[in-house]
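Shown next, in C-alpha cells, is the structure this report addresses.
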Amino acid sequence: MESLKLSAPFIGLFSAGVLCLGLYGISVESALFLRTAGTAPDRLQSVAADPDVPYLSSKRALSLFDEDCRKLAFEQTSVPIPVEDQPRLNEACFARARFLVEAAPGNARLWLTLAQFAVTQPDQRNTVFHAVERSRAYGPWQYSLAVARMRLVSTLPDAPPAVKAIDDADIQTLAASSRGRDALAQIYIATPDQRDRITAAIEKRPPNDQKSFLGRIKRNMQ
C-alpha cells in the first residue's frame with residue numbers, strides 16, 4: 001500500500017502533462033483554421049508570415065496549405081489577389097511547398113504544387129523539372145495530376161527530354177480512360193501544338209475510343 005501512495009503524485013503529474021499536451025495540440029489545430037479566416041489578403045498575410053506548416057501528418061495542415069496557397073495563387077477564390085501582392089504570395093508558397101515535400105517526399109500532389117510555384121521563381125528552373133519528375137513518379141495514374149502536369153509542361157519550352165517524356169506518359173494515361181479523353185479533347189482544342197502528340201496517343205487506342213474522342217472534338221468545337 002505504501003508504494004501505491006508514493007506513486008500517486010507521479011500519476012497525477014503524468015496525467016496533467018498528458019492533458020497539457022492534448023490542449024496544446026488542440027490549440028495548434030485550431031490555429032490552422034483560424035488563420036484561414038477573413039478575406040484572401042488576410043490569408044495571404046498569414047502565408048507570408050509563416051511559410052512552414054507544422055504537424056504535416058495532420059490533414060488539417062494540408063487543407064490549410066491548399067486553401068492559402070493553391071486556391072489563392074491560382075485565383076480559385078472570389079476575392080482576387082492584388083497584383084502587387086502576387087510575387088510575395090508566390091515566394092511564400094514556394095517556401096511552404098518546399099518545406100512540405102521535404103517532410104512528405106511521397107506526396108505526388110505536393111511535388112506538383114512545388115513545381116507550379118517554382119515556375120514563379122527566376123532561379124528555380126531545375127527545381128521545376130525535378131518536381132515534375134517526382135510528381136509523375138509518385139502519382140502516375142492520377143487523372144487530375146496528369147492534366148495539371150500537361151498544362152504546366154506546355155508552358156516550359158526549355159523542358160529537358162526527361163520532362164517531355166513525362167508529358168508523353170501523361171497523355172498516354174489520359175488516353176486510356178473516358179474521363180481522360182474528355183480532358184485531352186479540351187487540351188487538343190485549346191493547345192494546337194499538343195495536337196500531334198495527343199493524336200498519336202489516341203491512335204493507339206481501340207477504334208471505339210478513337211471514334212468517341214473524335215466525337216468529343218466535334219461537340220466541343222461547335
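Of the set (1) part of a helix (DSSP H, G or I); (2) touching a residue at least 24 places away in the same chain (Cβ under 8 Å), all apply to Ala159 but (1). Going through (1) within 18 Å of the chain's Cα centre (by Cα); (2) in a helix (DSSP H, G or I); (3) in the same structural domain as Lys218 (by TED's automatic domain parsing); (4) not charged (D, E, K, R) one by one, Leu110 falls short only on (3).
Only a single criterion out of (1) surrounded by fewer than 19 Cβ atoms within 10 Å (Cβ to Cβ); (2) assigned to a helix (DSSP H, G or I) is not satisfied by Arg134, namely (1).
Which one is nearest to Phe65 (Cα to Cα), of the residues in the stretch 113-127 that are surrounded by fewer than 24 Cβ atoms within 10 Å (Cβ to Cβ) and among the hydrophobic types (A, V, I, L, M, F, W, C)? Per the criteria, the residue is Ala118. Just so you know, in the stretch 92-109 the residues that are out of contact with any Gly (no Cβ under 8 Å at 6 or more places or on another chain) and without any contact (Cβ under 8 Å) to a residue 40 or more places away in the chain include one that is surrounded by the most Cβ atoms within 10 Å (Cβ to Cβ), and it is Ala97.
The rows are residues; the columns are (1) charged (D, E, K, R); (2) within 29 Å of Arg195 (Cβ to Cβ); (3) at pLDDT below 95; (4) under 12 Å from the mean Cα position of the chain (by Cα).
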residue	(1), (2), (3), (4)
Arg96	yes, no, yes, yes
Pro105	no, no, yes, no
Phe129	no, yes, no, no
Arg136	yes, yes, no, no
Val153	no, yes, yes, no
Leu156	no, yes, yes, no
Pro160	no, yes, no, no
Lys164	yes, yes, yes, no
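The values are calculated or read from the model by the stated rules, or taken from the named source; none is laboratory data. Quick caveat, the model's predicted, so the values are computed rather than measured. With ideal geometry, Cβ positions are generated from the backbone for all residues, glycine too; neighbour counts draw on all protein chains shown.
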